[in-house]
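The values are calculated or read from the model by the stated rules, or taken from the named source; none is laboratory data. No experiment lies behind these values; they were computed from the predicted model shown. Neighbour counts run over all protein chains shown; Cβ positions are idealised from the backbone, glycine included. Each accessible area value is taken on the protein alone, full model and side chains, heavy atoms only, with ligands, DNA and RNA left out. Shrake-Rupley method; radii C 1.70, N 1.55, O 1.52, S 1.80 Å.
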Amino acid sequence: MTKPKVFITRRLPDEVVNPYREHLDIEMWPREEEPVGRQVFIERAQSSHGLMTMLTEDVDEQILSQSNNLSIVANMAVGYDNVDVKTAERLNIAVTNTPDVLTETTADLTFGLLMATARKMIEASQYIKDNKWENWSPLMLAGTDIHGKTIGIVGMGRIGEAVAKRAKGFGMNVLYYNRSRKPEAEETFGASYTDFEVLLEQADYVVCLTPLTDETKHMFNKDAFHRMKKDAFFINASRGATVDEEALYEAIIKKKIAGAGLDVFEQEPISSEHPLLSCPEVVCLPHIGSSTKETRYKMMRLSLDNLVHHFQGKPLITPVTSSTDNS
Ligand SMILES: O=CC(=O)O
């Protein structure tokens with residue numbers, strides 16, 4: 001029997017991919033660090049039965065509607081805002097993502113980013129490397145406490161809950177805002193549900209973990225930052241487009257908030273000229289929330305397992321629909 005043709009939009013390690021060649025006729029874009037060009041992506045999608053995509057690919061109506069053989073897109077991320085799921089549903093193309101396997105890893109990074117931002121860790125490291133450490137002084141690189149403070153989690157999905165667990169361990173008071181109440185999280189982490197506005201006004205650390213949707217695009221705007229406390233920090237490990245970056249920059253330079261820790265940006269890679277990068281109060285990471293070798297391998301294998309299940313007529317492991325809660 002001929003194997004289904006699958007195109008993977010990035011070079012992945014042979015040790016992960018090769019075992020799947022028994023079931024799938026796999027072609028990979030040959031570069032690991034560079035995304036596939038749009039034209040090649042269009043052509044490969046047209047000749048494939050399945051795609052394994054990264055968050056760098058725009059799996060839009062054009063790709064989906066022009067690819068007559070395509071029946072599944074396995075997106076190697078928990079977020080799937082890069083995939084037009086509604087069109088995929090209309091065209092009967094399955095979509096999968098990679099939840100669960102990255103929850104704890106992403107929560108580690110999110111909490112680490114909060115800590116690095118509050119305690120000026122990156123600036124402090126640079127201070128030594130720049131040979132500026134000549135003495136000790138009482139307020140040298142003095143940061144802000146984390147224990148005993150209030151964290152406000154916007155988006156209490158799996159990763160939100162895993163961050164709440166860490167916050168509880170650090171003796172923080174946990175507030176959250178979510179589309180729906182999470183009674184279990186309230187019970188387990190002593191988390192209190194609040195309106196978005198109340199969370200912004202009360203939290204010392206506002207942490208964005210909500211998926212990017214039409215409703216959450218630019219939900220962190222000028223009004224949101226103006227509601228925050230002047231000594232509060234904004235942390236984003238979700239998607240850059242949940243934030244109006246100009247409003248964030250203004251809020252930081254006008255001292256409306258104390259600083260920000262950002263793992264995600266509206267344009268990725270962010271331009272080195274971006275004003276946010278000039279702020280010492282901003283800690284930036286290049287979208288590495290789930291980036292440990294262990295977890296990235298699990299994400300690759302989960303995507304490939306979904307493809308195999310699909311072509312063997314078995315239930316998908318982690319399907320998404322336009323109404324799935326994807327955090
Ligand atoms: O951002 C990463 C993901 O959605 O998995």
**Report entry** A107 of a type in the set (G, A, S) and either more than 13 Å from the ligand (Cβ to nearest atom) or in contact with a His (Cβ under 6 Å, 6 or more places away or on another chain) (or both)
**Finding:** no
Query raised in the report: Do we have any residue at all in the range 181-195 that's in the same structural domain as R239 (by TED's automatic domain parsing) and open to solvent by less than 10 Å² (accessible area, probe 1.4 Å)?
Result: yes
Report summary line: Among strands (runs of 3 or more DSSP E) entirely within the range 21-85, at least 1 residues that are aliphatic (A, V, I, L, M) and within 16 Å of the ligand (Cβ to nearest atom) occur in 50-53, 72-75
**Report entry** Subset of the range 71-86 (residues that are open to solvent by less than 10 Å² (accessible area, probe 1.4 Å) and either in the same structural domain as R158 (by TED's automatic domain parsing) or in contact with a helix residue (DSSP H, G or I) (Cβ under 7 Å, 6 or more places away or on another chain) (or both))
**Finding:** I72, V73, A74
Requested in this report: Please verify whether the range 88-110 includes one or more residues that are open to solvent by 10 Å² or more (accessible area, probe 1.4 Å) and over 26 Å from S323 (Cα atoms).
Outcome: yes
Query raised in the report: Is it true that R239 is surrounded by fewer than 20 Cβ atoms within 10 Å (Cβ to Cβ) and within 15 Å of the ligand (Cβ to nearest atom)?
Result: no
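Here's the yes/no breakdown for (1) open to solvent by less than 60 Å² (accessible area, probe 1.4 Å); (2) under 30 Å from R10 (Cα atoms); (3) away from the ligand (no atom under 15 Å from the Cβ):
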{"residue": "M228", "(1), (2), (3)": "yes, no, yes"}
{"residue": "K254", "(1), (2), (3)": "no, no, yes"}
{"residue": "D263", "(1), (2), (3)": "yes, yes, no"}
{"residue": "P269", "(1), (2), (3)": "no, yes, no"}
{"residue": "H274", "(1), (2), (3)": "yes, yes, yes"}
{"residue": "E281", "(1), (2), (3)": "yes, no, yes"}
{"residue": "K298", "(1), (2), (3)": "no, yes, no"}
{"residue": "L302", "(1), (2), (3)": "yes, yes, no"}
{"residue": "D305", "(1), (2), (3)": "yes, yes, yes"}
Query raised in the report: Identify, please: which residue in the range 285-313 is assigned to a loop (DSSP other than H, G, I, E, B) and of a type in the set (V, I, T) and is, among those, farthest from D100 (Cα to Cα)?
Result: I288
Report task. Quick one: which residue in D108, D100, D130, D145 is out of contact with any helix residue (DSSP H, G or I) (no Cβ under 9 Å at 6 or more places or on another chain) and at pLDDT 95 or above? Result -> D130
Query raised in the report: Does A251 satisfy the condition of being in contact with a Lys or Arg (Cβ under 7 Å, 6 or more places away or on another chain) and touching a residue at least 12 places away in the same chain (Cβ under 8 Å)?
Result: no
Query raised in the report: Taking the condition among the polar types (S, T, N, Q), closer than 23 Å to I257 by Cα and touching a helix residue (DSSP H, G or I) at 6+ places or on another chain (Cβ under 6 Å), does T194 pass?
Result: no
